[in-house]
Amino acid sequence: MEDQEREALEALLAAAGAGRRSLKRAAAELDARGPAAKAALVALVAGRGVSLPEEAASWPGKRLLRRARGRDVEAQVRRNPIRRDEAFTCAHCGVEAAPGGARVRDHCGACLRSQHVDEVPGDRAATCGGLLDPVGLEVVGGESVIRYLCRRCGAARRCRAHPGDDAAALAALSARAP
């Protein structure tokens with residue numbers, strides 16, 4: 001393989017790691033270069049210890065670049081979690097909280113406490129599991145937003161108040177100093 005061709009393929013591999021848009025551009029360029037360039041790319045990454053099957057040279061450029069960079073598994077990770085709206089028993093006051101319906105319920109409507117189970121609302125990816133205490137209330141875009149602080153790890157979170165939340169608890173929270 002010529003040095004110029006090797007440099008071009010190295011540039012495509014580097015560009016593929018710069019984000020989704022760059023990956024798409026690099027893949028389009030690799031596809032335009034044809035099967036010989038794909039075969040050269042397979043040989044290039046094989047020299048680095050990345051094993052690809054023989055038919056990899058016939059793959060679409062995007063798939064080939066992901067596999068060549070070792071990002072094929074990462075590409076399958078869901079980035080927009082499925083929101084879970086489940087009934088639960090409050091860990092603080094023991095009230096049974098029903099699912100929220102159109103707006104996912106993620107905190108107790110009686111005491112306004114929540115559990116630190118989400119990184120992104122609904123993903124259930126947090127490993128802390130500590131109790132989130134309501135520490136303040138603010139109005140954002142005409143909606144009430146509850147501010148939380150985790151008892152276990154100290155993480156600060158925010159979530160929208162639910163229409164079924166206890167009005168007295170919300171009023172007491174809004175009376176607290178910010």
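Overview of results
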{"item": "Strands (runs of 3 or more DSSP E) contained entirely in region 72-178, each with at least 2 residues that are β-branched (Val, Ile, Thr)", "result": "131-140, 143-150"}
{"item": "Any hit, region 150-158, residues being touching a Lys or Arg at 6+ places or on another chain (Cβ under 8 Å) and within 16 Å of CYS90 (Cβ to Cβ)", "result": "yes"}
{"item": "Boolean, ASP31 is on the phi < 0 side of the Ramachandran plot, among the acidic types (Asp, Glu) and crowded, with 19+ Cβ neighbours inside 10 Å", "result": "no"}
{"item": "Members of region 34-44 found to be closer than 14 Å to ALA8 by Cβ and buried (at least 17 other Cβ atoms within 10 Å of the Cβ), listed by number", "result": "ALA37, LYS38, ALA40, LEU41, LEU44"}
{"item": "Residues located in region 12-37, provided they are touching a residue at least 12 places away in the same chain (Cβ under 8 Å), small (Gly, Ala, Ser) and farther than 12 Å from ARG66 by Cα", "result": "ALA28, ALA37"}
{"item": "Any hit, region 64-81, residues being surrounded by 12 or more Cβ atoms within 10 Å (Cβ to Cβ), under 24 Å from the mean Cα position of the chain (by Cα) and under 30 Å from ARG113 (Cβ atoms)", "result": "yes"}
{"item": "So ARG113, is it of a type in the set (D, E, K, R) and under 22 Å from VAL135 (Cβ atoms)", "result": "yes"}
{"item": "Some residue of region 141-158 being within 30 Å of ARG21 (Cα to Cα) and not assigned by TED's automatic domain parsing to the domain that holds ALA18", "result": "no"}
{"item": "Qualifying residues in region 1-44 (those that are of a type outside the set (D, E, K, R) and not in a helix (DSSP H, G or I)) - the one modelled with the lowest pLDDT", "result": "MET1"}
{"item": "Where GLU55 falls short, out of the listed (1) surrounded by 13 or more Cβ atoms within 10 Å (Cβ to Cβ); (2) part of a helix (DSSP H, G or I)", "result": "(1)"}
{"item": "Enumeration of residues in region 86-97 that are surrounded by 12 or more Cβ atoms within 10 Å (Cβ to Cβ) and in contact with a Phe, Trp or Tyr (Cβ under 9 Å, 6 or more places away or on another chain)", "result": "ALA97"}
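The values are calculated or read from the model by the stated rules, or taken from the named source; none is laboratory data. A quick note: this is a predicted structure, and the numbers were derived from the prediction, not measured. So basically every Cβ, Gly included, is an ideal-geometry build from the backbone, and we count neighbours across all protein chains shown.
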